[in-house]
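The values are calculated or read from the model by the stated rules, or taken from the named source; none is laboratory data. What you see is a predicted model, and the numbers here were worked out from it, not measured in a lab. So basically every Cβ, Gly included, is an ideal-geometry build from the backbone, and we count neighbours across all protein chains shown. The area values use the complete protein model at the heavy-atom level, side chains included, leaving out ligands, DNA and RNA. Shrake-Rupley method; radii C 1.70, N 1.55, O 1.52, S 1.80 Å.
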Protein chains: 2
Amino acid sequence: MIKLNSILKIRQKLVNTPLIKQYSSKTVPLTRERYSYLKRNPSYKALEDHDITHFKGILGENGMLSNLKDSSELDLYNTDWYGVYKGSSNCILFPNSTQQVSDILKYCNDKKLAVVPQGGNTGLVGGSVPVFDEVILSTTKLNKVRSFDSVSGVIVADAGCILEQLNQYLEPEGYMMPLDLGAKGTCQIGGNLATNAGGLRLLRYGSLHGTTLGLEVVLPDGTILDNLSTLRKDNTGYDLKQLFIGSEGTLGIITAASILTPKTPKSVNVALLAVNSFEDVQKIYKLAKNELLEILSAIEFMDSSSFTTTLSYLNQSKPLSESHPFYVLIETQGSNFDHDQEKLAISLEKLLDSGLAKDGLIAQDEAQSQKIWNIRESIQMATQHLGKCYSYDVSIPLPHFYEAVELIKNILSKSGYYKELDPNNSAIQLVCGYGHLGDCNLHLNIVSKETSDQITSLLEPFIFEVVQKFNGSISAEHGLGFHKAKFIQYSKSDTMIELMKMLKLQFDPNQILNPYKYLPM
Amino acid sequence: MIKLNSILKIRQKLVNTPLIKQYSSKTVPLTRERYSYLKRNPSYKALEDHDITHFKGILGENGMLSNLKDSSELDLYNTDWYGVYKGSSNCILFPNSTQQVSDILKYCNDKKLAVVPQGGNTGLVGGSVPVFDEVILSTTKLNKVRSFDSVSGVIVADAGCILEQLNQYLEPEGYMMPLDLGAKGTCQIGGNLATNAGGLRLLRYGSLHGTTLGLEVVLPDGTILDNLSTLRKDNTGYDLKQLFIGSEGTLGIITAASILTPKTPKSVNVALLAVNSFEDVQKIYKLAKNELLEILSAIEFMDSSSFTTTLSYLNQSKPLSESHPFYVLIETQGSNFDHDQEKLAISLEKLLDSGLAKDGLIAQDEAQSQKIWNIRESIQMATQHLGKCYSYDVSIPLPHFYEAVELIKNILSKSGYYKELDPNNSAIQLVCGYGHLGDCNLHLNIVSKETSDQITSLLEPFIFEVVQKFNGSISAEHGLGFHKAKFIQYSKSDTMIELMKMLKLQFDPNQILNPYKYLPM
């Protein structure tokens, strides 16, 4: 039987191992060479020796990396997680105080040196690495918890604190961070905020726009904006902190945050359901919300292709008797194990009796829970393992959620690149959809044998056109970064984009922060 | 026994009666005369006949009020809820479409006519009425629900929809609005958003910054900003809507909103506790969070003065045997009555056994629940009934929450105006504190026999200095409006205020929207 927060602990183990980059940074082509249309903005000054001397004056010898004979150490910071984007910065700065961040930005702004803020560098859209020779400002050494109040549950932490370490800090107090995502062993809370990270339990604990109570931010001119309120209610003026949440380091650098944390649940339960149609998947979601109400903590979706590919990758037997078109994972978190089990069992009975679920199980022990979550969380790895994987992270309103996947399958079939029934004789081996059903967040993976410009041009901008057609978002939780900056018009109107540009220029008139990304300036 | 959402329904009845203004608008002095230092900004054009003709062209004869022989109808819109602030506008506009709002603002911006946006006009800081002769733009006729999706629970509604009517709309669908406040029978969702209204259940359902998914806003120059997304996850650019939430109509006029609504609970339980010290009140809060976790929906605080004054006003007998210094109301909302009752009973037993609660009860029927809530919700009326009531709405971190009340009592005692033990021979009859404990939101009422400038000058800015000392907020949920604009520096740094001014000028360079309020421009 699964009592207390044992499943949580197992899941922590699962994701706690720092992810190892799968590529050699040396072999990743430079972004500026791959995208030959890119031009370095000549208004940015090139880094000179006396700039490096100046930074050494602020940070000391050990506070930076620069002018190295072997560039492999620099490569680590220049290259993104997936080995897709690579810059050529010769200067990585590691400030250990807000004042140092301020001194650096003031200097860079005066000299027009472009700067890329970098947290754990686990982003998936090329937002945290340079495009050309921008200086990298790493928040890694801003890594202290400033305070925690065990009555209100409010934590105040430096931007460089690693998400998982914050969870470890909170665990003995009976609290946990309100967000949970695969990269938690490496990603930093500052980066989570700058990218408005979502993850697995946004359904239950809400977005960072709701749980963040205050931010400390350094503006491009070095001004320190002290808005580290720990209050849940504060109606005194514009809620400026909200602008920085999700701004991907283009308006200022977050140096600390005050966050409302929820109590750790005492009981966690997991169920897996097999479903015949996406219409029934929606009905199950509605019923689960109604029956499980306050204890529902995650409702995840996998199509048959995601599910079977991952079982095969994990060399795991089928948890349910037959194959089905769709699978739904339901997780509950509550304060009383018996109450939660009872609620979940009644719901499952209703779902099976009504025929909405064709088959289903409730995990009876920790190992079984772990196995179910492991399928859901290994899909990305399993598809990447198959071949060249094109991954998309989009939001689609539920009525059209899976229709989007079918439209992609359809266009790829028509092109001749995809033979669903004969994948061995097909350039594209797999098209699959999965994701956070409760947040309408679809992850869509297309796997081909080889990287191909033809396939890329079939997928983009077609996928974004589909998203636009259904009033979705071209980026649900991964952000715009370098990859999607040029596609923002598929999700935002010209008026919105113009207003965003106006704000960018107002906050960062020299455009020194994270250039060539986020907005088409 | 209290099953289903019967208590919710009772509470709806309680608050559903439209509040009746307690004063005659005719006798309220004009704000510009009461505050003689105020000067009308000469850059604003005075309204002329041809402007009125122009507005009639947009709205028709029935779409506005102007040039009336009897000004009492205009007075209704010129005077605020409490009868404290009164403007002298001669023109009230009632657009019934976003395009009409756009046409009006474009004209006003071109002509430099100042405009006050007005929703239900239930604000408490003079934010929704003119100071001089500003045109009033009422959102009352923007009153349609545009869509509701019963799977996701997302409602899209015009700004003028009344909060309670939205609840009535959602009820048959099994959903409810995520906020609840006393004025819900009159206040409009647009006004709720513009003032970032908090209320009774923010503890459970979070703030509007988290539950609002999209906004449609008309900017001062008439530009319509279409950001009515219905997606929970959308990371495509700056989250512009957040700027308008809580901006009190100074950046743009909200014309519609997309809001995520929670499921209506199936079971509601209420408990009342008597407590000896504020230290124990804090411990009770911590224990309640830990034990009740996912079902805790409100935790409210009353001091002895609030409690006994209200019992006497309601002519109600003591619900607990003796008098105690503090009282705590706990409410749970969940999906299973038996489970919730069991959790609450176990918690109450622990609280009584540990001595943290000196006495306590769980409401055993609807009438008893209603009685307990009625005490908490009648405090404001009971204190107003006693005499001239000075009401303050502030946030104070919990360790100092009640210390703030004691500091006020202390300074008033020292001044000789307040004799706590001999109120009949005291200019000030009552000082009491109550509020939303779970949100650190303190309501502080001071009741005197007569209005007195000396008492006002004892209270202000002293109360704001106390708030500042404890890193609180001078406005928790009521906003800045006219009253608190000049005190914002007690809660925000000069840097923050400067940035806010910069944003105001960027969005509204002619400063036509809601002037003389919010920020010291």
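Tell me which residues come under 5 Å, amide H to amide H, from residue B:175 once H is placed; ignore anything under 5 positions away on its chain.
For residue B:175, the qualifying residues are B:264.
Whole-Hz Karplus ³J(HN,Hα) for the range B:119-129, in order, using 6.51 cos²θ - 1.76 cosθ + 1.60 and θ = phi - 60°, x for Gly and Pro?
Running phi through 6.51 cos²θ - 1.76 cosθ + 1.60 with θ = phi - 60° gives x, x, 6, 10, x, 10, 10, x, x, 10, 10 Hz.
Where the centroid of each part is defined by its Cα atoms, how far is the range B:35-102 from the range B:146-206 in Å?
Computed from Cα coordinates, the inter-centre distance equals 28 Å.
How big a patch of accessible area, both sides summed and in Å² to the nearest 100, lies buried between B and A at a 1.4 Å probe? Can you show the working numbers first?
Details: alone 22220 and 22270 Å², together 37170 Å².
Approximately 7300 Å² gets buried when B meets A.
So what is Rg over Rh here for the range B:145-260, counting just Cα atoms and using Kirkwood for Rh? The partial results should precede the final answer.
Details: Rg = 13.2 Å, Rh = 14.1 Å.
With Rh from the inverse mean 1/r over Cα pairs, Rg/Rh is 0.94.
Using the reciprocal of the averaged 1/r over all distinct C-alpha pairs, how large is the Kirkwood radius of the range B:70-193 in Å? List each step's numbers first, then the result.
Working: mean 1/r = 0.0646 Å⁻¹.
About 15.5 Å, per the Kirkwood formula over Cα pairs.
Report the gain in length on full extension from residue B:112 to residue B:69: 0.36 nm times residue separation, minus Cα-Cα distance, nm rounded to one decimal.
12.9 nm
For the range B:266-384, evaluate the Debye formula with one uniform point scatterer on each Cα (no solvent term) and list log10 I(q)/I(0) at q = 0.12, 0.13, 0.22, 0.23 Å⁻¹, rounded to two decimals.
Results for the range B:266-384 at q = 0.12, 0.13, 0.22, 0.23 Å⁻¹ read -0.39, -0.46, -1.29, -1.38.
Using a 1.4 Å probe on the protein chains only, how many percent of the accessible area of chain A belongs to carbon and sulfur? Working shown, then result.
Details: 9280 of 18610 Å².
Answer for chain A: carbon and sulfur cover 50 percent of the accessible area.
Please report, in Å, the Rg and the Dmax of the range A:454-521, where both are computed over Cα atoms only.
Considering the range A:454-521 through its Cα atoms, Rg and Dmax are 13.2, 40 Å.
Quick one: the Cα spread of the range B:200-253 along its three principal axes, in angstroms, biggest first?
So the extents along the principal axes, rounded to whole Å, are 38, 25, 15.
For the range B:257-264, what does the Karplus curve 6.51 cos²θ - 1.76 cosθ + 1.60, with θ = phi - 60°, yield as ³J(HN,Hα) per residue in whole Hz, taken in order and with x for Gly and Pro?
9, 10, 10, 7, 10, x, 5, 5
At each listed q (0.17, 0.20, 0.23 Å⁻¹), what is the log10 of I(q)/I(0) that the Debye formula gives for the range A:61-101 modelled as equal alpha-carbon point scatterers?
Values returned for q = 0.17, 0.20, 0.23 Å⁻¹ are -0.52, -0.67, -0.80.
Near the amide H of residue A:91, under 5 Å away, which other amide H atoms are found, from residues 5 or more places off or on another chain, if H is placed in the peptide plane?
A:136
Taking just the alpha-carbon atoms of the range B:206-347, what radius of gyration and Dmax come out, in angstrom?
For the range B:206-347, the Cα-based Rg and Dmax read 21.3, 62 Å.
For residue A:306, what charge total do you get from the other residues with a beta carbon under 12 Å from its beta carbon, if Lys and Arg give +1 and Asp and Glu give -1? Mind dumping the intermediate values first?
Working: positive: A:376; negative: A:300, A:303, A:377.
That sum, taken over residues with Cβ under 12 Å, equals -2.
What accessible surface, in Å², does a 1.4 Å probe find on residue A:502, ignoring ligands, DNA and RNA and rounding to the nearest 10?
Rounded to the nearest 10, the figure is 40 Å².
In the structure displayed, which of A:26/A:56; A:241/B:263; A:86/A:318; A:241/B:517; B:289/B:501; A:69/A:449 lie more than 32 Å apart, Cα to Cα? Working shown, then result.
Values: A:26/A:56 27 Å; A:241/B:263 29 Å; A:86/A:318 40 Å; A:241/B:517 22 Å; B:289/B:501 39 Å; A:69/A:449 38 Å.
Pairs exceeding 32 Å: A:86/A:318; B:289/B:501; A:69/A:449.
Keeping all protein chains in place, calculate the accessible area per residue for the protein assembly as shown (probe 1.4 angstrom), answer in Å². Write down the numbers at each step before the final one.
On the way: 37170 Å² over 1042 residues.
Here the per-residue accessible area is 36 Å².
How much accessible surface does residue A:195 have with a 1.4 Å probe, in Å² rounded to 10?
About 50 Å², ignoring ligands and nucleic acids.
Quickly estimate the mean residue ellipticity at 222 nm for the protein assembly as shown, helices only: each DSSP H run with n ≥ 4 gives -39500 (n - 2.57), and the total goes over all residues, rounded to 500.
Details: 36 runs with 362 residues, N = 1042.
Mean residue ellipticity at 222 nm (helix-derived): -10000 deg cm²/dmol.
Just to compare against my own numbers: the Cα pair-distance distribution for the protein assembly as shown, 20 Å bins, whole % per bin, please.
13, 43, 35, 9, 0
Starting from the Kirkwood radius over alpha-carbon pairs of the range B:397-505, derive D by Stokes-Einstein at 25 °C in a medium of 0.890 mPa s and give it in µm² s⁻¹.
Details: Rh = 15.3 Å.
Rounded to a whole number, D works out at 161 µm²/s.
Could you please report the charge total around residue A:160, scoring K, R as +1 and D, E as -1 over all other residues with beta-carbon less than 11 angstrom from its beta-carbon?
Numbers: positive: A:141, A:144; negative: A:158.
My count for the surroundings of residue A:160 gives +1.
With +1 on the Cβ of every Lys and Arg and -1 on the Cβ of every Asp and Glu, and nothing else charged, how large is the dipole of chain A about its Cα centre, in debye rounded to the nearest 20? Write out the running numbers ahead of the final one.
Details: 49 positive and 56 negative charges, 104 e Å.
The calculated dipole for chain A is roughly 500 debye.
Relative contact order of the range A:214-277, please, whole-number percent, based on alpha carbon pairs below 8 angstrom and at least 6 residues apart.
Working: 59 pairs, mean separation 25.3, N = 64.
Relative contact order for the range A:214-277 comes out at 40 percent.
Treating only the Cβ of Lys, Arg, Asp and Glu as charged (+1, +1, -1, -1), what charge dipole size does the range B:266-384 show about its Cα centre? Round to the nearest 20 debye. Provide the component values of the computation, followed by the final result.
Values: 10 positive and 17 negative charges, 42 e Å.
Roughly 200 debye, rounded to the nearest 20.
With everything on Cα atoms, drop me the angle between helix A:304-314 and the longest principal axis of chain A, reported from 0 to 90° to the nearest 10.
For helix A:304-314, the angle is close to 80 degrees.
So what's the gap between the Cα centers of the range B:353-373 and the range B:221-286, to the nearest angstrom?
After rounding, the separation between the Cα centres reads 29 Å.
For the pair residue B:384/residue A:498, report the inter-label distance in nm, with labels modelled 7 Å from Cα in the Cβ direction.
Each label point lies 7 Å from its Cα, and together they span 4.5 nm.
Specify the angular offset, from 0 to 90 degrees and rounded to the nearest 10, of the alpha carbon long axis of helix B:494-507 from the longest principal axis of the alpha carbons in chain B.
40
Hey, how much of the P(r) for chain B falls beyond 31 Å, as a percent of Cα pairs? Can you show the working numbers first?
Numbers: 64099 of 135460 pairs.
Within chain B, distances greater than 31 Å cover 47 percent of Cα pairs.
Rounded to two decimals, what ratio of Rg to Rh does the range A:43-138 give with C-alpha atoms and a Kirkwood Rh?
Working: Rg = 12.6 Å, Rh = 13.4 Å.
For the range A:43-138, the value is 0.94.
For residue B:145 and residue A:62, what does the FRET efficiency come to when R0 = 45 Å and r is the distance between their Cβ atoms, rounded to the nearest 0.05?
Details: r = 61 Å, r/R0 = 1.35.
So the FRET efficiency works out to roughly 0.15.
Round to a whole angstrom and tell me the spacing of the C-alpha centers of the range B:480-504 and the range A:445-521.
34
Counting Lys and Arg as +1 and Asp and Glu as -1, each charge on the Cβ, what is the dipole of the range B:43-138 about the Cα centre in debye, to the nearest 20? Please list the in-between numbers first.
Values: 7 positive and 12 negative charges, 42 e Å.
I would put it at about 200 debye.
What nm value, rounded to one decimal, do you get for the distance between residue B:40 and residue A:420 when each label is placed 7 Å out toward the C-beta?
7.1
May I ask you to evaluate 6.51 cos²θ - 1.76 cosθ + 1.60, the Karplus curve with θ = phi - 60°, for each residue of the range A:139-152 and list the ³J(HN,Hα) values in order in whole Hz, giving x for glycine and proline?
8, 3, 8, 8, 10, 10, 7, 7, 6, 8, 10, 6, 7, 7
Taking residue A:388 in one copy and the same position in all the others, each labelled 7 Å out along Cα→Cβ, what are the pairwise distances from the first, in nm, shortest first?
Computed spacing set for this position: 8.0 nm.
Using a 1.4 angstrom probe on the protein heavy atoms only, could you order B:346, A:284 from most to least accessible area? Please report the intermediate quantities before stating the final value.
Working: B:346 75, A:284 0 Å².
The residues order as B:346, A:284, largest area first.
From Cα coordinates alone, what are the radius of gyration and Dmax values for the range A:424-487 in angstrom?
13.0, 36
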